[in-house]
1. Of the accessible area of the chain, with the probe set at 1.4 angstrom, what percent is carbon plus sulfur?
2. Can you list the residues, at least 5 places off or on another chain, whose amide H is less than 5 Å from the amide H of Phe18, using H built in the peptide plane?
3. Determine ³J(HN,Hα), in whole Hz, for all residues of the stretch 84-95 in sequence, where each value follows from phi through the Karplus function 6.51 cos²θ - 1.76 cosθ + 1.60 and θ = phi - 60°; x replaces Gly and Pro.
4. Taking amide H positions as placed in the peptide plane 1.01 Å from N, state which residues far from Ser79 in sequence (5 or more) or on other chains have amide H under 5 Å from it.
5. Convert each backbone phi in the stretch 112-128 into a coupling constant with the Karplus relation 6.51 cos²θ - 1.76 cosθ + 1.60 (shift: θ = phi - 60°), then list the ³J(HN,Hα) values in order as whole Hz, x for Gly and Pro.
6. For the stretch 91-184, which trypsin sites (Lys or Arg not before Pro) pass both filters: DSSP loop (anything but H, G, I, E, B) and at most 10 other C-beta atoms within 10 Å?
7. Using a Gaussian network for the chain with springs between C-alpha atoms less than 10 Å apart, which of these wobbles most: Gln154, Gln191, Gln238?
8. Over the chain, with the other protein chains present, what is the accessible area per residue in square angstrom, probe 1.4 angstrom?
Amino acid sequence: MKDITVKLDIKPDSKPKFLKAPYVIRPKVEVDLDALVKDGVLEPVSVSEWVTPIVPVLKKDGSIRICGDFKVTLNPVLSVEQYPLPHIDDLFAGLAGGQKFSKIDLCQAYLQMHVDGKSRELLTVTTHKGLFRYCRLPFGITSAPALFQRAMDQILSRLPGVQCYLDDILVTGKDEEDHLRNLDATLQKLQDYGLRVRKDKCKFFQSSVEYLGHVIDATGLHKAPSKTKAILDAPAPQNVSQLRSFLGLLNYYGYNSYLPVSCLLKPHD
């Protein structure tokens, strides 16, 4: 992302934390570390006051994504950026009148944002191969969603028929010509700022698309069958963490829904 740089501020009198590297699946971690260094996301360093352990997240294809466990180091002392994420009703209101829809997925969204030099020491992670410092905004930082949304709103501001929620961009138009014009303007903006997209996850000129747990088409907004099925078929929570996850899903649909949550619950619930 060109011309936009992230700066992280911590609360006064915050003391640095240095935590040891966890046990990880070394071969897969090394592959991802090498790729991140090659892409300029990470840089090796020899010393740092702030050090966060990594958390390897297994992806569907069997590879891993390296994240930092910042909740135990930086997040508790971070001065959290305040910028509102768009409400789902406002997003869909901005797409009213659209006939077909194009969905653009940004590639590793946060990692496309540069972090200023002074903030990078806060983002040092420890691995079995030593210390590495993030040059880009990593996942797991409390302020990351707000920082990224603000940047995307700046990039896509005043573009007609375009709505963005974090790394998901939706484009439409009143007819095919209008749609193509809006789509071209959006892609030009992304190119101007050096942003990259996941072509395999993008969809163009679709009659309907799933977006933020809903299906949108020319007639309006509908519940995504896959999401309601996930609620109806969800197993009973076995612990507090699972219960919180399930309630979070219910609350999302209760808050962003035209259908009462009670309609989604089974009789015995």
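1. 53 percent
2. Result for Phe18 returns Val51.
3. 3J(HN,Hα) across the stretch 84-95, in whole Hz: x, 6, x, 7, 4, 5, 5, 4, 6, 5, x, 9.
4. Answer set, sorted by chain and number: Asp9, Ile10, Lys11.
5. Karplus-based 3J(HN,Hα) across the stretch 112-128 equals 8, 9, 6, 10, 5, x, 5, 7, 5, 4, 5, 10, 7, 10, 10, 9, 5 Hz.
6. Arg158
7. Fluctuation is largest for Gln238.
8. Value for the chain: 56 Å² per residue.
The values are calculated or read from the model by the stated rules, or taken from the named source; none is laboratory data. Just so it is clear, the structure is predicted and the values come from calculations on it, not from any experiment. Cβ: placed from backbone, ideal geometry, glycine included. Neighbour counts: every protein chain shown. For accessibility, only protein heavy atoms count, side chains too; no ligands or nucleic acids. Shrake-Rupley method; radii C 1.70, N 1.55, O 1.52, S 1.80 Å.
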